[in-house]
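S.K.: Here it is, the structure in full.
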Protein chains: 2
Amino acid sequence: MAVSLNERSSAELKVRKQRAPNSPPRGAPDRHAGQATRNSEIVYRDLRDAIVDVTLTPGTPLVEKEITERYGISRTPVREAILRLAEEQLVDVIPKSGTFVARIPVAVLHEAIVARKALEEACVREATAKASKSQIMELRAIIQREYELCASGDEQAFHDADNAFHAGVAAASGYPGIWSMIEKIRLQVERYRRLTLPQTGRMALIVAEHASVLDAIERGDAEAAVAAMNNHLNKLQIDIGTFRDLWPDYFLFDKK
Amino acid sequence: MAVSLNERSSAELKVRKQRAPNSPPRGAPDRHAGQATRNSEIVYRDLRDAIVDVTLTPGTPLVEKEITERYGISRTPVREAILRLAEEQLVDVIPKSGTFVARIPVAVLHEAIVARKALEEACVREATAKASKSQIMELRAIIQREYELCASGDEQAFHDADNAFHAGVAAASGYPGIWSMIEKIRLQVERYRRLTLPQTGRMALIVAEHASVLDAIERGDAEAAVAAMNNHLNKLQIDIGTFRDLWPDYFLFDKK
DNA sequence: TATGCATAACTAGTATACAAGATATTTTAC
DNA sequence: GTAAAATATCTTGTATACTAGTTATGCATA
């Protein structure tokens with residue numbers, strides 16, 4: 001390829017010292033998509049997971065130096081991880097003072113559920129029109145896995161399968177990217193869910209609800225599919241009142 | 001050593017070297033919300049705006065050192081800004097190689113429009129039910145401003161007012177946070193819009209469409225409001241075919 | 001001239017040192 | 001004894017030096 005002159009204009013060829021403008025490397029443009037082994041990525045993932053499953057409770061101070069020592073790395077990648085979390089409003093960083101696990105903003109919580117319902121409704125409606133046979137079979141397989149995990153009682157795996165179902169519906173709708181939007185939204189809601197719901201005995205109900213969504217999709221009944229999905233997601237509805245007294249420090253009530 | 005005993009429990013007092021756990025500073029918990037003057041924030045904003053209004057075209061290399069010299073600051077804040085852009089998929093950073101303004105992903109573009117419509121539909125429906133008189137008056141004022149800006153032909157200001165209208169609808173719905181979600185989604189679509197539409201003569205149409213949305217909201221006709229909003233947003237629909245040939249390097253066609 | 005390889009120049013990733021502000025502690029004044 | 005001021009010790013923000021990998025360049029070789 002060194003030999004093969006590509007068809008570019010001579011104007012672009014004139015720039016020799018620098019990389020030719022407007023030409024990202026042709027060879028590996030988004031290999032970067034593969035999981036990065038960057039330290040900041042590891043720290044980010046660990047911290048995010050710990051915050052989401054409430055291992056790190058709201059208000060807990062996050063000291064860069066401490067994390068630095070735990071991982072045996074320098075402050076730079078730790079700092080990058082914390083900045084990402086700050087953007088997702090999972091931590092509050094107060095300049096020159098400290099960084100803390102953010103309290104759960106109840107206003108955002110409510111809006112997140114509304115937004116999720118709106119997005120999933122669009123997905124399920126489109127999936128009803130466009131889902132291929134193979135996609136439906138995949139969804140059926142996920143439901144079967146949920147059924148099995150429900151029997152074995154593996155909550156974590158069940159939860160993963162639950163998400164896989166929703167992601168699968170988004171994929172079947174031709175809007176896989178919308179699921180990644182939902183996942184971002186889901187972070188805050190998930191913190192609440194983990195904090196409040198023991199979730200015992202609800203697994204069987206979820207499986208049934210997923211099945212009724214898929215049934216409607218399969219028979220092409222868009223309105224029924226939407227209704228079933230909305231009914232399913234309505235179970236997320238939060239009742240914050242109870243917890244206002246229990247853990248007042250975990251929540252942020254006043255909208256900023 | 002501690003002369004002034006505060007009223008804290010002895011359990012908490014045992015931790016002396018560290019700040020007491022689970023206690024973010026009471027005084028200024030979210031003063032951080034005020035606009036930060038951090039250098040990284042300034043660089044981020046400048047770069048983001050330049051990318052969104054296509055001053056920086058897709059594929060343009062972003063050299064940290066160069067930005068460093070332009071602003072007279074060190075690499076650290078520049079790097080933080082670039083990392084934020086990478087998360088929003090506005091730049092691609094290829095380790096040890098280079099950072100480039102991301103090409104516009106057409107698949108994401110399409111999904112972004114679908115998502116926006118879904119979210120705005122939820123907002124406008126709820127706004128019809130909940131909008132206060134004052135909120136409706138504010139929206140009416142925004143439309144009037146649009147009318148005036150349309151006459152004076154100030155595209156940038158009109159565009160801002162356009163956004164203000166949609167934000168106002170979200171506020172009236174009681175879901176102001178959903179507008180910030182939409183704004184994130186809007187970034188990619190905006191790049192496309194700036195690139196393709198001269199947008200001349202469309203301003204008057206937009207004003208009329210906004211007015212018809214607000215009229216429906218005011219008379220409490222949710223379905224009409226939703227229909228008007230969808231009609232309005234449908235104008236965003238993209239026709240990528242034309243531009244595939246014009247600027248093939250600006251777009252990313254294959255879904256990763 | 002064409003091809004492969006060594007080398008130089010560049011990039012982003014990381015480590016570390018220092019600066020600036022906030023908080024906690026101690027000292028001092030009354 | 002109380003309160004206010006001085007000080008020490010935290011924190012995050014920034015600058016800079018260094019590391020490691022990538023890309024371009026030029027030279028040797030056929």
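S.K.: Using a Förster distance of 30 Å, how high is the FRET efficiency between B:N230 and B:A86, based on the Cβ-Cβ distance and rounded to 0.05?
M.R.: 0.35
S.K.: Which distances, in nm and shortest first, link the A:L187 label point to the same label point in every other copy, taking 7 Å along Cα→Cβ?
M.R.: Distances to the matching label points in the other copies: 1.3 nm.
S.K.: At a Förster distance of 22 Å, what's the computed FRET efficiency of A:A50 paired with A:T76, Cβ-Cβ distance as r, to 0.05? Please list the in-between numbers first.
M.R.: Numbers: r = 21 Å, r/R0 = 0.93.
With R0 = 22 Å, the Cβ-Cβ based efficiency is 0.60.
S.K.: Placing a label point 7 Å from Cα toward Cβ, how far apart in nm is A:Q89 from its equivalents in the other copies, listed shortest first to one decimal?
M.R.: 2.1
S.K.: So what are the stretch A:38-102's ellipsoid semi-axes, whole angstrom, largest first, if each one is the square root of 5 times an eigenvalue of the alpha-carbon gyration tensor?
M.R.: Working: eigenvalues 52, 36, 24 Å².
The three semi-axes for the stretch A:38-102 are 16, 13, 11 Å.
S.K.: Hey, another quick one. In terms of Cα to Cα distance under 17 Å, which aspartates and glutamates are near enough to B:K235, apart from those fewer than 8 places away along the same chain?
M.R.: Within the straight-line cut-off, B:K235 pairs with B:E111, B:E120, B:E121, B:D162, B:E190, B:E209.
S.K.: To continue, here is another question. Taking R0 as 35 Å, what's the FRET efficiency between B:E148 and B:R219 from their Cβ-Cβ distance, rounded to 0.05? Walk me through the intermediate numbers first.
M.R.: On the way: r = 25 Å, r/R0 = 0.71.
Step by step, r from the Cβ atoms, then E = 0.90.
S.K.: If you bin every alpha carbon distance in the stretch B:69-117 into 5 Å steps from zero, what whole percent lands in each bin?
M.R.: 5, 18, 19, 20, 16, 9, 7, 5, 1
S.K.: When Cβ neighbours within 10 Å are restricted to other protein chains, what is their mean count per residue of peptide B:57-64? Present the calculation step by step, with values, prior to reporting the outcome.
M.R.: Working: counts 2, 2, 6, 4, 7, 0, 2, 0.
The per-residue average across the peptide is 3.
S.K.: Shifting gears a bit: Let me know the mean shielding of A:164-177 by other chains, meaning the per-residue number of their Cβ atoms within 10 Å of its Cβ.
M.R.: Values: counts 0, 0, 0, 0, 0, 0, 1, 0, 0, 2, 4, 8, 3, 11.
Averaged over the peptide's residues, the number is 2.
S.K.: Which entries of A:K65/A:K96; A:K133/B:K117; A:K117/B:K184 have Cα-Cα distances beyond 20 Å here?
M.R.: Working: A:K65/A:K96 14 Å; A:K133/B:K117 27 Å; A:K117/B:K184 18 Å.
Check vs 20 Å cut-off fails for A:K133/B:K117.
S.K.: Ranked from highest to lowest mean number of other Cβ atoms within 10 Å per residue, what is the order of the peptides A:234-245, B:39-50, A:180-191? Don't skip to the end; give the middle numbers.
M.R.: Numbers: A:234-245: 11.5, B:39-50: 17.0, A:180-191: 18.7.
Sorting A:234-245, B:39-50, A:180-191 by mean packing, highest first, produces A:180-191, B:39-50, A:234-245.
S.K.: Expressed as a whole number of Å, what is the distance separating the alpha-carbon centroids of the stretch B:109-147 and the stretch A:208-256?
M.R.: Going from one Cα centre to the other spans 24 Å.
S.K.: Also, quick follow-up: Pull out the extension gain between A:R202 and A:D239, defined as 0.36 nm times the separation in residues minus the alpha carbon to alpha carbon distance; nm, one decimal. Show your work: numbers first, answer last.
M.R.: Working: separation 37, 0.36 × 37 = 13.32 nm, distance 1.69 nm.
In short, 11.6 nm is gained.
S.K.: Please compute the net charge surrounding A:A211, taking Lys and Arg as +1 and Asp and Glu as -1 over other residues with Cβ under 12 Å from its Cβ. Could you put the intermediate results ahead of the total?
M.R.: Details: positive: A:R140; negative: A:E146, A:E209, A:D215, A:E218.
Net charge in that neighbourhood comes out at -3.
S.K.: List the equivalent ellipsoid semi-axes of the stretch B:106-241 in whole Å, largest first, each obtained as the square root of 5λ for an eigenvalue λ of the Cα gyration tensor. Kindly include the intermediate steps, with their values, before the conclusion.
M.R.: Working: eigenvalues 101, 68, 32 Å².
Here the semi-axes work out to 23, 18, 13 Å.
S.K.: Copy-to-copy spacing for B:A227, label 7 Å out on the Cα-to-C-beta vector, in nm, shortest first?
M.R.: Values, ascending and in nm: 2.2.
S.K.: Identify, among B:Q156, B:Q237, B:V226, the residue whose Cα sits farthest towards the positive end of the charge dipole of the stretch B:146-256, taking +1 on the Cβ of Lys and Arg and -1 on the Cβ of Asp and Glu, with the dipole about the Cα centre.
M.R.: B:Q237
S.K.: Under 5 Å between amide hydrogens, which residues at least 5 positions from A:L252 or on another chain qualify, with H placed 1.01 Å from N in the peptide plane?
M.R.: Counting only residues 5 or more places away or on other chains, the set is A:I104, A:V106.
Read-outs: derived from the displayed coordinates by stated rules, not from any lab. Computed from a predicted model, the values in this text were never measured in an experiment. Here the Cβ is made from the backbone with ideal geometry for all residues, glycine too, and neighbour counts use every protein chain on show.
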